[in-house]
Amino acid sequence: EYFQIMVGIINSHGGVVDKFIGDAIMAVWGAPNASERDSHNAVRACLEMRKALKDLNEKRGGRGQIAIKIGMGLHRGEAISGTIGSSERMEYTVIGDTVNQSSRIEAATKSFGVDLLLSEDLAGHVAAEFVLEEAGSVEVKGKAEPLKLFKARGYYDEQKNPVIVQT
């Protein structure tokens, strides 16, 4: 039920589900074909996923089921996309430092107590359309400098009024 909802949202915002990793969804925007709106579409999808999770958790609560909590990490940059594997098993995926950074940002959502974090680079790229707040910095493996991370609180409507999207 959860995957059905979230995959639909990712697809509707131009994302591609790369793979399922346990209970996680790895999705990408801009591969194999990039557009100027990929970063914006990714943030918009995550905010819609946040709203959809709230609705799903209300249904689950009504059925006596526990709420689902998620963590989403977004970063932007270059990655290698294509088929990887062996002659016995191949799959399409994306690899590279950008992918690794996204994973580390997602892992940081737990320590920051939030469901969505953006890298500083991504936040700077989308700041005109989204309500952002600095979350803090985190040291990550393989990087000399800490990553500055941002919370995505919502978006700005056509009149530039903030619309907050909360769970």
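What to note about this one:
- The chain - accessible surface per residue (Å², probe 1.4 Å): 59
- Checking every one of the GluC sites (Glu not before Pro) in the stretch 8-117 against DSSP loop status and a limit of 12 other Cβ atoms within 10 Å picks out E36, E78, E88.
- Net charge, M26 excluded, C-beta distance under 12 Å - Lys, Arg +1, Asp, Glu -1: -3
- Inter-label distance, I66 to K51: 2.9 nm, where each label sits 7 Å from its Cα along the C-beta direction.
- Treating r as the C-beta distance of Y92 and K148 and R0 as 30 Å, the FRET efficiency rounds to 0.40.
- Remark: the Cα gyration tensor places the stretch 86-138 in the prolate category, a/c being 1.5 or greater and a/b exceeding b/c.
- For G77, net neighbour charge (Lys/Arg +1, Asp/Glu -1) across residues whose Cβ lies under 10 Å away: -2
- Among the trypsin sites (Lys or Arg not before Pro) found in the stretch 30-90, those both in a DSSP coil and sparsely packed, with 10 or fewer other Cβ atoms within 10 Å of their Cβ, are R63, R89.
- Fraction of antiparallel bridges per DSSP, the stretch 15-141 only, in percent to nearest 5: 80
- Above-threshold pairs, the threshold being 27 Å between Cα atoms, out of K54/K141; K69/K160; K51/K151; K110/K160: K54/K141; K69/K160; K110/K160
- Less than 5 angstrom separates the built amide H of G136 from those of L149, all sequence-distant by 5 or more or on a different chain.
The values are calculated or read from the model by the stated rules, or taken from the named source; none is laboratory data. Predicted, not measured: the structure shown is a model, and the values here were computed from it. A quick note on method: Cβ atoms are made from the backbone with ideal geometry, for glycine too, and the neighbour counts reach across all protein chains shown. Only protein heavy atoms, including side chains, enter the accessible area calculation; ligands, DNA and RNA are left aside. Shrake-Rupley method; radii C 1.70, N 1.55, O 1.52, S 1.80 Å.
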